[in-house]
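Asker: Attaching a single structure in structure tokens format; questions to follow.
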Amino acid sequence: MSHNTFGHLFRVTTWGESHGPALGCVVDGCPPGLPIAEAEIQHWLDQRKPGGSRFVTQRREPDAVRILSGVFEGVSTGTPISMMIENVDPRSRDYGEIARQYRPGHADYTYQAKYGVRDYRGGGRSSARETAARVAAGGVARKVLGDGIVLRACLVQIGPHRIDRARFDWAETANNPFWCPDPQMVPVWEGFLDTVRKAGSSTGAVVEVEAEGVPPGWGAPIYGKLDAEIAGALMSINAVKGVEIGAGFAAAELSGEENADEMRAGNDGPLFLSNRAGGVIGGISTGQTVVARMALKPTSSILTPRRSIDVDGEEVEVRTTGRHDPCVGIRAAPVAEAMLACVLADAKLRHRGQVG
């Protein structure tokens, strides 16, 4: 009942805190015989790790992963795969002043209210550092999915600045520190974030993630809907406050004619003329690209004093020091990919288990 595990057949349990000695995950349900190497998992972790540019936290963590179990002679054994990532640059002294104060926007108060105790160092278990373990698990999930499914994510909005869809190019995401598919938006975001960072403030973002090559039939109706499980997985990521699938909230503005994804006959099944559904209808994949977006709130750690209370109920002003992301969405793209990979790996195994 501690709710540190997600998934059904492909199950992931994460453990550890932001400033503890290490964090990691246990992946259970991975089929045997899949080639899995630390270097492959490390590739995905390197995309998420901090310190990559001036626009993210300057905490210096190599995020070096160690596979402790479940892999023998380079292949999965079918037993639990345990992975560990050591914390080497925590600087816990930065949090001494807020040991007895509740930072507005953080989980300080709610963790205290639930457990009666909290690890105030960097937010403890509620820190976005926990997502490193999810990215490691996502590396295993990609092996379950195979090379036929391509997962990718990008930022489509930072603060009030949205990309121009007419200039959307996935190849551009590798050419800038923002995972931005619109090259003309990069200097706009740079200038905006420099202003935000120098002011000691923060801003929100929208991340889009997709999976191309998902076959039709994955997911289940009613209570096992694929889009519901994707939404739940993305919503579980730190700072995410909204998730949409396909057209999402924009569908409320469409007519029935505009929203219907019309079909024509194709060589290998239906040929869809649009993808407003985001690749999922009735909770089951259609064979089209699965598309989701998640909105992340501004990082709650800012230098501007904010009104709050302490553990004794006294009114205080809290100013958060330390090293923080001015926009947590920048490093959320690899996390979104990992969570989508885990959901789809689970869906693949459940589909195979039910219908062969």
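Asker: Looking at this structure, is GLY191 more than 29 Å from LYS348 (Cα to Cα), open to solvent by 20 Å² or more (accessible area, probe 1.4 Å) and among the small types (Gly, Ala, Ser)? Walk me through how you get there before you give the answer.
Answerer: On the way: more than 29 Å from LYS348 (Cα to Cα): yes; open to solvent by 20 Å² or more (accessible area, probe 1.4 Å): yes; among the small types (Gly, Ala, Ser): yes.
Yes, satisfied.
Asker: I'm trying to understand the selection: among the residues of region 119-134, which are over 10 Å from the mean Cα position of the chain (by Cα) and either of a type in the set (D, E, K, R) or assigned to a loop (DSSP other than H, G, I, E, B) (or both)?
Answerer: Within region 119-134, ASP119, TYR120, ARG121, ARG125, SER127, ARG129, GLU130 meet the criteria.
Asker: Checking ARG121 against (1) open to solvent by 60 Å² or more (accessible area, probe 1.4 Å); (2) at pLDDT 95 or above; (3) not aromatic (Phe, Trp, Tyr), only one condition comes out false. Which one?
Answerer: So the condition that ARG121 fails would be (2).
Asker: Something else now. Here are VAL207, VAL150: which of them is open to solvent by 10 Å² or more (accessible area, probe 1.4 Å), under 30 Å from THR13 (Cβ atoms), in contact with a Gly (Cβ under 7 Å, 6 or more places away or on another chain) and among the aliphatic types (A, V, I, L, M)?
Answerer: Being open to solvent by 10 Å² or more (accessible area, probe 1.4 Å), under 30 Å from THR13 (Cβ atoms), in contact with a Gly (Cβ under 7 Å, 6 or more places away or on another chain) and among the aliphatic types (A, V, I, L, M) holds for just one of VAL207, VAL150, which is VAL150.
Asker: Moving to a separate point now. I'd like the residue in region 153-175 that is within 13 Å of PRO187 (Cα to Cα) and of a type in the set (Val, Ile, Thr) and, out of all such residues, is surrounded by the most Cβ atoms within 10 Å (Cβ to Cβ).
Answerer: ILE158
Asker: Answer yes or no as to whether SER201 is in contact with a Phe, Trp or Tyr (Cβ under 9 Å, 6 or more places away or on another chain), among the hydroxyl-bearing types (Ser, Thr, Tyr) and closer than 29 Å to THR320 by Cβ.
Answerer: no
Asker: Name the one entry in ASP325, ASP310 that is among the charged types (D, E, K, R), open to solvent by less than 40 Å² (accessible area, probe 1.4 Å) and out of contact with any helix residue (DSSP H, G or I) (no Cβ under 8 Å at 6 or more places or on another chain).
Answerer: It is ASP310.
Asker: Kindly list the number of the only condition in (1) under 30 Å from THR77 (Cβ atoms); (2) surrounded by fewer than 19 Cβ atoms within 10 Å (Cβ to Cβ) that fails for GLY96.
Answerer: Among (1) under 30 Å from THR77 (Cβ atoms); (2) surrounded by fewer than 19 Cβ atoms within 10 Å (Cβ to Cβ), GLY96 violates only (1).
Asker: Here's a follow-up. Would you be able to say whether some residue in region 78-85 is of a type outside the set (Val, Ile, Thr) and in a helix (DSSP H, G or I)?
Answerer: The answer is no; no qualifying residue exists.
Asker: For region 253-296, what are the residues that are in contact with a helix residue (DSSP H, G or I) (Cβ under 8 Å, 6 or more places away or on another chain), part of a loop (DSSP other than H, G, I, E, B) and open to solvent by 30 Å² or more (accessible area, probe 1.4 Å)?
Answerer: ARG276, the sole residue that qualifies.
The values are calculated or read from the model by the stated rules, or taken from the named source; none is laboratory data. Predicted model, so just to flag it, every value in this text is computed and none were measured. Neighbour counts run over all protein chains shown; Cβ positions are idealised from the backbone, glycine included. Remember, those area values only see protein heavy atoms, side chains included, never the ligands or the DNA or RNA. Shrake-Rupley method; radii C 1.70, N 1.55, O 1.52, S 1.80 Å.
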